[in-house]
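> Got a structure for you, written out below as structure tokens; questions coming shortly.
The values are calculated or read from the model by the stated rules, or taken from the named source; none is laboratory data. Everything numeric here is computed off the predicted structure, so don't read it as measured data. Here Cβ is always computed from backbone atoms with ideal geometry, including for glycine, and neighbour counts include all displayed protein chains.
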Amino acid sequence: MPDLDLDLLTAACSAGGPSCLTSTTPLRPAGGQHAAIAPAKFTTRARDNGTYAYERRYLDGTLRHTVLVDSKQSQLNRVEAVLTQAIDDGVEPLTRMPRIRVTYGEDSYTDVVLSHRAFDAHIRAGTVDGVPVTRTEEYQAIRNASPANARALLDASPVTLVFGGWDASRKSGQGRWRSALVGEITGFLPVDGTSDHPEPSMRGGARVDPVGMQILLDGTAMRGIAGEQADEFSQKTIDEIARDATAADKAKERRSASRLGLGGIPPSLDALAGVSCDLIVRSHVLSFATLRQMRFGAGPAGDAACRALLAALALNGLARSDAELYLRANCDLVEAAPTAVTVDRRAGDVDTVSPLTVSQADALLEAALADADRLAGVEWSGVALDIVGNPAIRQGAVAEDSEASA
Amino acid sequence: MTAADFAVLADLPLGAYRAHGPGGGVDLLPAPARLHAALLCAAATGTRATLSDGVLSPTDADVDALSWLEVNPPDGALIPRHARSAAATRAYRGLGLRETRAGAERIRLVGKDSGDSVAVTGAFAWTWSTAPPPEVVEALTALTPDVSHLGTSESPARLRVGAAVPTHRRDPDADLFTAEDGVDLDVPESGRTAALRALHAAATVTPSPKQDLSSANEPELRPAAENGWVVSARYAALDTSDEPEGPWSVVLVAALGRSVQPGERVSWAVTLHRALVAAVGYGAPGVLTGAYGTGAHRPANRVAVQFLDRATASALDLAGDHGVVLVALPTGIDPVESATVTAAFTGLRVLRRRSMSCRLHHLGARPGRRLWPAGPAGAVRSWATTPVAVPDTRPQRRVPWSLADAVALSAALVVRDRWPEAGDRSDQRYRRLADAAVESGLTVESARRVTDSRPDRWVHRRDPGVVVQPYEAVLRLGDIAGSRAFLAIGQSRHLGGGLLVPTDLVAPA
């Protein structure tokens, strides 16, 4: 079985190369095949307690009902998270990966985690040495990057080229970069796809307060307890407690202190139960065709080396992310079989290659970076653009967090 | 069916096609126009593109190949088995754009409906029975691997040239209401390549630094789309199955602008029926009105109006966020009357009932004998009344009679012309017809009366003194009709009631 090495990546990123690399891994619940898992939860138009995303897929030619265990966006978020962790841990060469950083006081965020990467509003609203970042030459070059020459983006924000980005607020000349890496985790249900799709079961939930299932307080006590914790509550919660306290005083009676988090909640069936799948599959596609639509002003060999560097970055993130199979509460998964990695060839044939371990992915990335340096003068030196965030946005976020915690 | 001389094939490694049509709705199948656009993108930005003065352009050879496609759309298509999923989920995403609300700045968060996709098994292919010129073959062979996606970024694709056996053949003589089984796909017309290139050039103008400033309220600016130089082509199914003609031969389809609840179907059907009669005007035929002259032959069926909810419609690849309405023309209808009713229906844009209105978006026609998709191999198909049916007659007292007999009679009355010898005396005639249906293989698997505080909403008209008794039933049709036929039974079968919807039971392995 050939190795997934730099020669393969370089050939794939050159004219005549394959369309894509596909990575597929069967998974199973860590608790055993019988165990139910918690798939990704979504809201519905009805804004009720939520639902799972049921779809249909063919498996070995048979139409089956499926449930989305982890979406494309979520899978990419996980890749971003592990890359960020590796950078923070000082893993080479990731710690030198160019990135754009926006700082709000003691907190900072990079294009790796910002939803619109190099074009995110946090970045565009910020300043560099007091100058709006959109007026700086460096950032203008990033925005003006195009398939004809994406070098400015490669040098400042390679994650934008790998995971995609869209300069959606720009009136023209928008940067629109597809994600070269896409994937999902799908659970196949033991239900024929031609029948009605299953409705999620509900499970019971309750909260037991060992002191008392109902805690009744008068208005004075409510105000006192709330006052001692005022820093922890949002303004909305404080106002609601004040209203309850006033009502208690008026009625001259004690009222429930549930808004203070006291007392129990009786059992009810209003939470989604887990789903039992007879097969769970994690699939990823790395599109070499997407990368081949980028040029970097380095000639055919240099451009191929730059694309191979991006491919190696994507595979590095994938290798790290694939190693972490805790998705959410009640959704611990393990690999049920080895990962199958294929690269397409002419006439519908495929080559099977070995999947990468994390250390192999690091070595491949190091080799790709050296090649890109040799052929295209690419250098990785860490943060490429440091931006001071717009305080108005930060304040707005704090206000929203306060309401959300109510 | 034989392999075409030349084909472009597309595999979807993630097993699903996700794309939007020109109006933003779900695109069910990748049309030749989408293939053309994807190839143009590959030609203009992929490894074959030429770079001059910082601008990428497709080569002359590739432009010629794309122009060839405009004049020579594929004459066949291989459409693999596919199934639409319409998950009613909503995901919230940060848009990376600023907005100011109630004096506070934040990053815009928007809920987007997600989950619409089309599962596919096998490759799509666009085929040509005569191979293109060698230079076009060379260009397409080189371009296809550089196509990265068909549709959204969740739809990565692997394209190649090769051979394929088409399942559909382009019918150049078809119009919107050609009923034969097929799909309508957009094909590019001459000039499409130039139009797309011009649009792209206009969209890539670099704005001024002042225009590039960030603002406190930023809209999401979607680039303009080019929907011109595209025409719809019918690709008729090369279906070898031999389904017998059903009681209704043609089913006209329109997407609804609002949902019609089960209990409203009869009312809205009556509204549509009246609108059709009004549209036809004086001399509307009996096949539409149900009114025949004294002594005139009354056929078993007339124009029927039925509704499908969103989920059922999507199973038939009928796009409609609120479901669809079906107007079925009976088999044997006079061609002039068929054209009259069709024109009346397609001319309707909105229905009005009381203070409510419902827009109609016409989707063409389907053959009545193949409305429903075939079931899985080895499956047993049953049919369920949807939502309910109402017996055609009051319970018979002078002959043994049960609810199952009423169901069998309703099915028999749809095809009663098969048994002209059933006789005239009502109760015995009904008994004979019900028995004839059973002898034709009809099986009533279950039937139960539905208790309803408003039973009258399931009928358009009732005889005084007759109690309306809606029922739900599951039956197997035997030889009553084909396994894919449009069929409705019961008193309201022409006006929104008693539609039979198939369900398939696959025996465990």
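> So which strands (runs of 3 or more DSSP E) are wholly in the stretch B:128-243 and hold at least 1 residues that are closer than 21 Å to residue B:6 by Cβ and within 11 Å of chain A (Cβ to nearest Cβ)?
In the stretch B:128-243, the matching strands (runs of 3 or more DSSP E) lie at B:158-162.
Yes/no matrix, rows are residues, columns are (1) crowded, with 17+ Cβ neighbours inside 10 Å; (2) at positive phi; (3) without any contact (Cβ under 8 Å) to a residue 60 or more places away in the chain; (4) touching a strand residue (DSSP E or B) at 6+ places or on another chain (Cβ under 8 Å):
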position: A:10; (1), (2), (3), (4): yes, no, no, no
position: A:31; (1), (2), (3), (4): no, no, no, yes
position: A:43; (1), (2), (3), (4): no, no, yes, yes
position: A:51; (1), (2), (3), (4): yes, no, no, yes
position: A:63; (1), (2), (3), (4): yes, no, no, yes
position: A:67; (1), (2), (3), (4): yes, no, no, yes
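> How many residues does the stretch B:306-325 contain that are touching a Phe, Trp or Tyr at 6+ places or on another chain (Cβ under 9 Å) and surrounded by fewer than 24 Cβ atoms within 10 Å (Cβ to Cβ)?
Selection size over the stretch B:306-325: 3.
> Being of a type outside the set (Gly, Ala, Ser), in contact (Cβ under 8 Å) with a residue 12 or more places away in the chain and closer than 30 Å to residue A:367 by Cα narrows it down to one of A:260, A:325, A:269, so name that one.
A:325
> Now for a different question. Within the stretch A:275-381, considering only strands (runs of 3 or more DSSP E) that don't extend past its boundaries, which have at least 2 residues that are more than 10 Å from chain B (Cβ to nearest Cβ) and buried (at least 22 other Cβ atoms within 10 Å of the Cβ)?
Of the strands (runs of 3 or more DSSP E) lying wholly inside the stretch A:275-381, those with at least 2 residues that are more than 10 Å from chain B (Cβ to nearest Cβ) and buried (at least 22 other Cβ atoms within 10 Å of the Cβ) span A:279-287, A:340-344.
> Determine whether residue B:448 is surrounded by fewer than 16 Cβ atoms within 10 Å (Cβ to Cβ) and under 33 Å from the mean Cα position of the chain (by Cα).
The answer is yes for residue B:448.
> Could you tell me how many of the residues in the stretch B:65-93 are modelled with pLDDT under 80 and either touching a Leu at 6+ places or on another chain (Cβ under 6 Å) or within 17 Å of residue B:236 (Cα to Cα) (or both)?
Number of matching residues: 1.
> Would a scan of the stretch A:153-161 turn up a residue that is within 19 Å of the chain's Cα centre (by Cα), touching a residue at least 60 places away in the same chain (Cβ under 8 Å) and at the interface with chain B (Cβ under 8 Å from one of its Cβ atoms)?
Here is the first cut: in the stretch A:153-161, the ones within 19 Å of the chain's Cα centre (by Cα) are A:157-161.
Keeping just the survivors that are touching a residue at least 60 places away in the same chain (Cβ under 8 Å) gives A:157-159, A:161.
Pick out the ones that are also at the interface with chain B (Cβ under 8 Å from one of its Cβ atoms) and you get none.
Checking the stretch A:153-161: not a single residue is within 19 Å of the chain's Cα centre (by Cα), touching a residue at least 60 places away in the same chain (Cβ under 8 Å) and at the interface with chain B (Cβ under 8 Å from one of its Cβ atoms).
> So residue A:36 fits all but one of (1) over 30 Å from residue A:361 (Cβ atoms); (2) away from chain B (no Cβ under 14 Å); (3) crowded, with 18+ Cβ neighbours inside 10 Å; what number is the exception?
With respect to (1) over 30 Å from residue A:361 (Cβ atoms); (2) away from chain B (no Cβ under 14 Å); (3) crowded, with 18+ Cβ neighbours inside 10 Å, residue A:36 is out only on (3).
> Can you give me the ranges of the strands (runs of 3 or more DSSP E) entirely in the stretch B:19-118 with at least 2 residues that are of a type in the set (Lys, Arg) and either surrounded by 20 or more Cβ atoms within 10 Å (Cβ to Cβ) or within 14 Å of chain A (Cβ to nearest Cβ) (or both)?
Once the strands (runs of 3 or more DSSP E) in the stretch B:19-118 are filtered for at least 2 residues that are of a type in the set (Lys, Arg) and either surrounded by 20 or more Cβ atoms within 10 Å (Cβ to Cβ) or within 14 Å of chain A (Cβ to nearest Cβ) (or both), what remains is B:81-101.
> Here is a follow-up. Starting from residues that are under 24 Å from residue A:358 (Cα atoms) and part of a strand (DSSP E or B), keep the ones in the stretch A:91-143 and report whichever is nearest to the other protein chains (Cβ to nearest Cβ).
Applying the filter and picking the extreme gives A:110.
> Give just the number: which of (1) more than 14 Å from chain A (Cβ to nearest Cβ); (2) closer than 30 Å to residue B:359 by Cα; (3) within 31 Å of the chain's Cα centre (by Cα) does residue B:299 not satisfy?
Result: residue B:299 passes all but (2).
> Would a scan of the stretch A:181-204 turn up a residue that is modelled with pLDDT of 85 or more and assigned to a loop (DSSP other than H, G, I, E, B)?
Scanning the stretch A:181-204, I find no residue that is modelled with pLDDT of 85 or more and assigned to a loop (DSSP other than H, G, I, E, B), so the answer is no.
> Could you give me the residue pairs with C-beta distances under 6 Å whose first residue belongs to the stretch B:218-237 and is closer than 26 Å to residue B:71 by Cβ and free of Cβ contacts under 8 Å to residues at least 40 places away in the same chain, whose second residue is assigned to a strand (DSSP E or B) and of a type in the set (S, T, N, Q) wherever it lies, and which are 6+ apart or on separate chains?
none
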